[in-house]
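Working notes for the structure below.
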Amino acid sequence: MTVRTQVSRFIAFFFRSLLWSLNLLLVLYTALAYWLLQSMPTEHWLSGMIMISIPFAWGLNLLFVFFWLTSRPWRSWLSGLVLVIGMILFGPRTFVWNSPVEPTGNAVPFRVFSYNVQGFGYTDDQVNYPESSPKVRRVANYVLRYEAPIKCLQEFYNSVALKDYDLITRFRQSGYVYSVLLHPELATARNGPIGAAIFSTYPIVSSGREPFSGFNGIVWANIKIGTDTICVINVHLKSMGIRVGKVLRQDELTGVKHETRGVLSALRSGFISRREQVRRVEEYIRSSRYPVVVTGDHNDTPYSVVYERMRQALPNSFETSGRGFGFTYNRLPGFIRIDHQFYDPELHILNFETLNYVSYSDHYPIVGTYQLK
């Protein structure tokens, strides 16, 4: 055997050993993430970081499976086993394929439409324009015309200075005469970033609101449908601060480092804020006398403290009646679901859709169809 052959074998052995060690570390990391999400021993922001990385850990484990199948097939079982366990534990919150259900009995089915409209494309100098852009008119018209008696919007914007942006008036003219606004004092303002809002063609018998900061907050409404009453809670929790596109657009390493630090800092701040905000949502659920539907922009993935706490309180509509992956974020990284609906077991869910063909905003709309049992 030549020296060259020996060196080549040694290098191959070294890299296989290194990769196997990295594979073992990845498996341990993935198992830790499973344990944190499954048992929730802590809600520290660092554990939240580990939890939301589960899909990335799956991707890396899958790469190891393919790599070992081509070189050392017996080693592929470890990452393969981790992936199988992950699908057993968290498969329903990742991918489902359900069929719509026909309504039964005499109870009236109703739709709850939810959409982060990103201010309908408003910019700070928009209020000085004599009219809005075609894009603004398209998204506003779409939201107004979509057939759902209950509409929950996040980042709702209203301006009495522009006809197209005088959306509260336009909703009322379209039959949505009942509403709850996170910042009702801005309803008649020239510049009105109202935030979360609920519009309904059904009577709202009582309602409330709790602002957090800026657009973020909670609005709720007890809505009378026929002889029954339900409680709809529309939430917009603290942003995740995802700016992957901004990071990728940097030309220099210094800019990449700066933006990456900004993303990590925003993630940390978001985890801490949403951990407290979701407790307020739970309080509203517990205090409701009526069957509850919670909808909105939760700004957290299915592998998070917020999602797990909500899931422990109420079933998730996507998991029960959704189809596919249900990704709701219309920006990089794109493959995340951060808009959710949860429903009371007293309700029967007939269908849940993610309208991923509607690309007006940085989110896709979601809509659930329910019926009282």
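The values are calculated or read from the model by the stated rules, or taken from the named source; none is laboratory data. Keep in mind it's a predicted model, so treat the numbers as computed, not measured. Heads up, the Cβs are rebuilt from the backbone with ideal geometry, glycines too, and the neighbour counts pull from every protein chain shown. Just the protein is used for accessible areas: all its heavy atoms, side chains included, with ligands, DNA and RNA removed. Shrake-Rupley method; radii C 1.70, N 1.55, O 1.52, S 1.80 Å.
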- GNM flexibility winner over the chain from 293, 305, 160 (Cα, springs under 10 Å): 160
- In Å², what does the accessible area per residue of the stretch 30-136 work out to with a 1.4 Å probe? 54
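If we count every other residue with Cβ under 9 angstrom of residue 182's Cβ, Lys/Arg +1 and Asp/Glu -1, where does the sum land? Before the final figure, lay out each step's value.
Details: positive: 209; negative: 210.
Value of the local net charge: 0.
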- Could you tell me how many degrees, from 0 to 90 and to the nearest 10, lie between the Cα long axis of helix 54-71 and the main elongation axis, the longest principal axis, of the Cα atoms of the chain? 30
- For the Cα atoms of the chain, what angle does the longest principal axis make with the long axis of helix 134-145, in degrees from 0 to 90, nearest 10? 70
- When the accessible area of the chain is split by element with a 1.4 Å probe, what percent falls to carbon and sulfur? 59
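Find how much the distance from residue 22 to residue 70 grows on full extension, using 0.36 nm per residue of separation minus their present alpha carbon separation; answer in nm with one decimal. Walk me through the intermediate numbers first.
Numbers: separation 48, 0.36 × 48 = 17.28 nm, distance 1.73 nm.
Answer, rounded to one decimal: 15.5 nm.
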- Message: Show me, for the stretch 279-293, the HN-Hα J-couplings you get by feeding each phi into the Karplus relation (A = 6.51, B = -1.76, C = 1.60, θ = phi - 60°), rounded to Hz, glycine and proline as x.
- Response: 5, 5, 4, 4, 4, 5, 5, 5, 8, 6, 7, 10, x, 10, 10
- List the residues whose amide H sits under 5 Å from the amide H of residue 225, counting only those 5 or more places along or on another chain, with H placed 1.01 Å from N in the peptide plane. 230
- Note on the structure: Pseudo-spin-label distance residue 146 to residue 166, built 7 Å along Cα→Cβ, given in nm, is 2.5
- Options (1) 26, 52, 18, 4, 0; (2) 28, 57, 11, 3, 0; (3) 26, 57, 17, 0 - which one matches P(r) over Cα pairs in 20 Å bins from 0, in percent as calculated here: (1)
- Once you have a ≥ b ≥ c as the square roots of the Cα gyration tensor eigenvalues for the stretch 269-364, tell me rounded if a/c is under 1.5, and otherwise prolate or oblate according to whether a/b is larger than b/c. oblate
- Message: Using the basic label-point model (7 angstrom from Cα toward the beta carbon), what is the residue 224 to residue 77 distance in nanometres?
- Response: 6.6
- Task: Write out the trypsin sites (Lys or Arg not before Pro) in the stretch 180-238 meeting two conditions: DSSP loop, and at most 16 other Cβ atoms within 10 Å of their Cβ.
- Result: 190
- Query: So what is the relative contact order for the chain, in percent, with contacts set as C-alpha pairs under 8 Å and at least six apart?
  - Reply: 18
- Based on Cβ point charges of +1 for Lys and Arg and -1 for Asp and Glu, what charge dipole magnitude is obtained for the chain about its Cα centre, in debye rounded to the nearest 20? 920
- Message: As I understand it, the value is the acute angle between the Cα axis of helix 76-90 and the longest principal axis of the Cα atoms of the chain; what does it come to in degrees, rounded to 10?
- Response: 20
- Connecting every pair of Cα atoms under 10 Å apart in the chain and solving the GNM, the largest mean-square fluctuation among 72, 337, 268 falls on 72
- Query: Along the stretch 345-357, what does the Karplus equation 6.51 cos²θ - 1.76 cosθ + 1.60 (θ = phi - 60°) give for ³J(HN,Hα), rounded to whole Hz, x for Gly and Pro?
  - Reply: x, 6, 9, 10, 8, 9, 6, 9, 10, 9, 8, 7, 9
- Query: What list of ³J(HN,Hα) couplings, whole Hz, do you get for the stretch 167-180 from phi and the Karplus terms 6.51, -1.76, 1.60, once you set θ to phi - 60° and write x for glycine and proline?
  - Reply: 6, 4, 4, 5, 4, 5, 5, 8, x, 8, 7, 10, 7, 9
- Test item: Cα-centred dipole of the stretch 15-161, Lys/Arg +1 and Asp/Glu -1 on Cβ, debye: 520
- Cβ-Cβ cut-off under 12 Å around residue 318, Lys and Arg +1, Asp and Glu -1: the net charge is +1
- Query: How high is the FRET efficiency between residue 108 and residue 272 when r is their beta carbon distance and R₀ equals 41 Å, given to the nearest 0.05?
  - Reply: 0.50
- Probe 1.4 Å, heavy atoms of protein chains only: per residue, the accessible area of the stretch 325-365 in Å² is 38
- Task: Have a look at 84, 219, 263 and tell me which one the Gaussian network model of the chain (Cα, springs below 10 Å) gives the largest fluctuation.
- Result: 84
